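The next block holds one structure in the form of structure tokens; read it before the comments.
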Amino acid sequence: MKAICATDLSAASEATIENETCLECLGRIGVEEIHLVTVIPSNVHTGMPGIDFEERREQALARYRRVIENAGFDTEAHVVRGTPHRRINGIADTIGASLTVVGSRGQSPLENRVIGSTARNLARTTVTPLLVNRIEREADEPDVVREHLFQRMLYATDFSENADRAFEAFSYLRHATQEATLVHVETPTDPGLSEESDPDTRLAELAAMLEDWEIETRTAVRQGDPAAEILAAEAEYEPTTILLGSRGRSRLHRLLLGSVSEDIVVRADGNVMLVPPDRTA
């Protein structure tokens, strides 16, 4: 597997790249090659008098490469100019990446303009599964919030095709996952499932598959606003990562409910992994 690690060379990005446990988790799920990508926004000048931004960028990338190579990964670096989420998606598509990793501090208004905005834009547009690695908020030397990326997973499903596609990620995540909580949220505006498709039964079928892989599993059916209930489940079960599809049952359904996946990316306390729809379908 190839992974994109998007960095803006900030302290938050460095926390993701230089965390040995995070890198070990990526290795466990089959990542062998990591591509460092840093995007210079088109409206940012290459330098200012007395400051050699190019040299600082090259030094930072060289340091990151050494860390990743010492962890046993093949590594390449890409420095490009343009709109961050578009260029990240473009490189991921070109190299055939299986995963994109981006660090984000979450819902701080300032960070949303700088780092979080790229994570949120990627949540809307990603062409690969997207792992948003949560970084400590308001820390001068931030660290990752959940070091073991995939140890305890919270999988949220509306039983759509994209949710099923997200569940398929357990085929490789299982090598690093010990516990999983499977959650479905029923809503007042939900068109509902057929009478033959009881949510508890559907979740139990999924749980049985994970238990066959020796993953300790629980299930829960909740009622209310999807994003709010998924976040409440996160607070209750304290997973290392939330796993969900980036689209729901239909485009209209997504418009009615708002973007649940984007809300989760911004508001979650821990890591979030989004799986996009199959573009070839």
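Bear in mind that the values in this text are calculations on the coordinates, not laboratory data. What you see is a predicted model; the values in this text were computed from it and never measured.
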Next item on the list: For L243, list long-range residues whose amide hydrogen, built 1.01 Å from N in the peptide plane, is under 5 Å from its own amide hydrogen.
Entry: L154, Y155, A156, M273
Check: Got a sec to turn the phi values of region 91-104 into Karplus ³J(HN,Hα) couplings, 6.51 cos²θ - 1.76 cosθ + 1.60 with θ = phi - 60°, whole Hz, x for Gly and Pro?
Finding: 5, 4, 5, 5, 8, x, 5, 9, 7, 10, 10, 9, x, 8
Item checked: Residue-wise HN-Hα coupling along region 72-85, computed from phi with Karplus coefficients 6.51, -1.76, 1.60 (Hz; x: Gly, Pro) -> x, 9, 6, 9, 9, 10, 10, 10, 10, 10, x, 7, x, 5
Next item on the list: For I40, enumerate residues with amide H under 5 Å from its amide H, sequence gap 5+ or separate chain, H modeled in the peptide plane.
Entry: V80, R81, G82
